[in-house]
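Heads up, the thing below is written out as structure tokens.
The values are calculated or read from the model by the stated rules, or taken from the named source; none is laboratory data. Not measured: the values here are computed from a predicted model. Every residue, glycine among them, receives a Cβ derived from its backbone with ideal geometry; neighbour counts consider all protein chains shown. Keep in mind that these areas ignore ligands, DNA and RNA; they rest on the heavy atoms of the full protein, side chains included. Shrake-Rupley method; radii C 1.70, N 1.55, O 1.52, S 1.80 Å.
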Amino acid sequence: MKPFENKTIIVTGAAMGLGFAAAKYLAQQGAVVTLVDYNKKSLDDAKADIIRSSPEANLLTVVADVSDEQAVKGYVDQTVQATGRIDGLYNNAGIEGKQAPMIAYDLAVFKKVIDINILGVYFGMRYVIPVMQRQQFGRIVNVASVGGIRGVLNQTAYVASKHAVSGLTKNAALEYAKDNIITNAIAPGAILTPMVAEAFKQVNPSDPKAAEKEYAKHNPTKRLGQPEEVAKLVAFLLSEDCSYVNGQTIAVDGGESNYYGNPPADE
């Protein structure tokens, strides 16, 4: 029997990056997975990719904007109608916004970051938790960031939103553990998703691997993380084995967030 057999998991932002990696891994482990994303074509491509590697995968796709409360209620209702239950929610969808000094930050962009990164997470929990209460079982994993445990220059909206995700996680953990609902957050650092790889191409179009290596040299591991490494942590936090880790924000960054101030110079 596979670890997630007979378990239903919702993954938001499932069409790419960390959401896709987790959805693919969970499907391989036997979960029924609801893939949620705002981009239908990317969502369809993600579903096809997962089925290629796991032909037996049981997948539901829902196009939804997580900042829209009714759309969130819709992906929850559709999942319950299809499977009868929700065992886990991976609240992954989020955006970075733009980089700008705090006092010059575009207020429209700021609001969009807040709507997606905070309200999207909140709405997901608001509508999933009652289902989990009826079951007296549930696991929730929210995505914060290393920007949710420290400051990041010129990313005021992102940092504020990701700190808020950590706070939402702590409160849900306090309020609903009595219902056997365990809530945690992860704080990824630099993970080599397609979006990050594209950023390195912009930094050094002729040799993006050199840009990646330069960025990674201050990390204790001397490399970037892989999406599959994050997916395996997420799977544990969504599993029955995660029974007493609750209300935590767990950094997934090779240890880099432990530096105080600037990382040491290369030896």
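Step by step: first the residues of the range 170-188, then only those that are part of a helix (DSSP H, G or I) and surrounded by fewer than 16 Cβ atoms within 10 Å (Cβ to Cβ), then the one that is nearest to the chain's Cα centre (by Cα). Which residue is that? Across the range 170-188, the extreme among qualifying residues is Asn171. Residue count for the range 129-169 under the criterion of being of a type outside the set (A, V, I, L, M), surrounded by fewer than 20 Cβ atoms within 10 Å (Cβ to Cβ), farther than 30 Å from Asn6 by Cβ and out of contact with any strand residue (DSSP E or B) (no Cβ under 8 Å at 6 or more places or on another chain): the result is 4. Name the residues in the range 189-198 that are under 18 Å from Gly147 (Cα atoms) and either open to solvent by 70 Å² or more (accessible area, probe 1.4 Å) or without any contact (Cβ under 8 Å) to a residue 12 or more places away in the chain (or both), would you? Of everything in the range 189-198, just one residue is under 18 Å from Gly147 (Cα atoms) and either open to solvent by 70 Å² or more (accessible area, probe 1.4 Å) or without any contact (Cβ under 8 Å) to a residue 12 or more places away in the chain (or both), namely Met195. Scoring Gly124 on the criteria (1) surrounded by fewer than 21 Cβ atoms within 10 Å (Cβ to Cβ); (2) modelled with pLDDT of 95 or more; (3) under 15 Å from Ser67 (Cα atoms) leaves a single failure, condition (1). Entry remark, the range 189-243: residues being acidic (Asp, Glu), closer than 30 Å to Arg139 by Cα and assigned to a helix (DSSP H, G or I) number 2 in total.
Restricting attention to the range 1-29 and to residues that are touching a residue at least 60 places away in the same chain (Cβ under 8 Å) and of a type in the set (Lys, Arg), the residue that is least open to solvent (accessible area, probe 1.4 Å) turns out to be Lys7. Residues in the range 30-57 that are under 13 Å from the mean Cα position of the chain (by Cα) and open to solvent by less than 10 Å² (accessible area, probe 1.4 Å): Leu35, Val36.
The residues listed here are Pro264, Pro208; of these, the one that is farther than 21 Å from Asn91 by Cβ and either modelled with pLDDT of 95 or more or touching a His at 6+ places or on another chain (Cβ under 9 Å) (or both) is Pro264.
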